[in-house]
1. All but one of (1) more than 16 Å from the ligand (Cβ to nearest atom); (2) under 23 Å from Lys135 (Cβ atoms); (3) open to solvent by 10 Å² or more (accessible area, probe 1.4 Å); (4) not in a loop (DSSP other than H, G, I, E, B) hold for Thr232; which doesn't?
2. Does any residue of the stretch 245-267 turn out to be in a strand (DSSP E or B) and under 16 Å from Pro62 (Cα atoms)?
3. Checking the conditions here, which among Leu198, Leu158 is touching a residue at least 24 places away in the same chain (Cβ under 8 Å), open to solvent by 20 Å² or more (accessible area, probe 1.4 Å) and within 16 Å of the ligand (Cβ to nearest atom)?
4. Within the stretch 113-147, track down each residue that is out of contact with any Pro (no Cβ under 8 Å at 6 or more places or on another chain), within 16 Å of the ligand (Cβ to nearest atom), part of a helix (DSSP H, G or I) and open to solvent by less than 50 Å² (accessible area, probe 1.4 Å).
5. When you scan the stretch 244-265, do you find a residue that is over 16 Å from Val95 (Cβ atoms), away from the ligand (no atom under 16 Å from the Cβ), open to solvent by less than 10 Å² (accessible area, probe 1.4 Å) and not charged (D, E, K, R), even just one?
6. Quick one: which residue in Pro80, Pro101, Pro85 is of a type outside the set (D, E, K, R), open to solvent by 60 Å² or more (accessible area, probe 1.4 Å) and modelled with pLDDT of 90 or more?
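The values are calculated or read from the model by the stated rules, or taken from the named source; none is laboratory data. Predicted, not measured: the structure shown is a model, and the values here were computed from it. A quick note on method: Cβ atoms are made from the backbone with ideal geometry, for glycine too, and the neighbour counts reach across all protein chains shown. Remember, those area values only see protein heavy atoms, side chains included, never the ligands or the DNA or RNA. Shrake-Rupley method; radii C 1.70, N 1.55, O 1.52, S 1.80 Å.
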Amino acid sequence: MSAPIPRRSLLLALGGAALLAGCGTDRPAWHGGDIPGDSHPGDSAGPEPTGSALVVPPANPPTAGTCPANHGVVQQPGGPQHYLPCHGTDIALTVDDGPDPAYTPKMLALLARLQIRATFCMIGRSAAAHPDLVKRVLDGGHHIANHTYDHPLNIAKLAANAVHAEIARASDAISTAAGGYRPTLFRAPGGAWSPTVLQQCGSLGLRPLDWSVDPRDWSRPGVQHIVTTIMTQTHPGAIILEHDGGGNREQTLTALGVTLPKLRDAGYTFVQP
Ligand SMILES: [Zn+2]
């Protein structure tokens, strides 16, 4: 595991004290598993419960305007987006760290079966390696966001020219693979935002996208944990973070196969941020 970024000082520097109060948990500098040999706490987890053994909490009532004051999160001007406008019953599913030849097709099949559209935050290097998957994501009606070219351990520590290169190169790689489609959203790996990252993001015409519901599925915490986190923390306006790359994503797929239909059937509408 990499050392956690100084999240508190970063947020305070961004004037995000209120944001910090609402986020609940700190995040690692890196939230994916796409570094060979890297290990995470969930890697040694025991066998997963079967679908029938899962306890699935009921969905929070998706009544327009019932997001609980966005959990106290204040979105800073020019800062990353944590929530959708909460006046409706909209929520967003975001899927990071692909495209991945093993799990992106499975994710696409699940979403197609449920007729749910998501935003795939892609690593530029992986997009360049799997242009067919990039096209399949677009063909599925999904959006693609820029998630850097190399998924650096902590982009907030990089110099401006390196940040610029990470973002610009990823947009170019995605555009080349996608036949001209260019992302309009950027998600910093690990949520490692800094004034420099935000500045470079803006200068390249991208809108910074964060999240508000994070089951830390990348750490393979168990299907039950992912399910419970999604069902209890999702309110109108939520942006849910999941992964289709960076390691074994079977827990993610199983959990989404349970939670997405419940949320949809409860009346939530999946939109793109
Ligand atoms: Zn990532």
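1. For Thr232, the exception is condition (2).
2. First, pick out the residues of the stretch 245-267 that are in a strand (DSSP E or B): none.
No; the residues of the stretch 245-267 include none that is in a strand (DSSP E or B) and under 16 Å from Pro62 (Cα atoms).
3. On the way: Leu198 fails: within 16 Å of the ligand (Cβ to nearest atom).
Of Leu198, Leu158, the one residue that is touching a residue at least 24 places away in the same chain (Cβ under 8 Å), open to solvent by 20 Å² or more (accessible area, probe 1.4 Å) and within 16 Å of the ligand (Cβ to nearest atom) is Leu158.
4. Gly124
5. No, that holds for no residue.
6. Details: Pro80 fails: open to solvent by 60 Å² or more (accessible area, probe 1.4 Å); Pro85 fails: modelled with pLDDT of 90 or more.
Exactly one residue qualifies, and that residue is Pro101.
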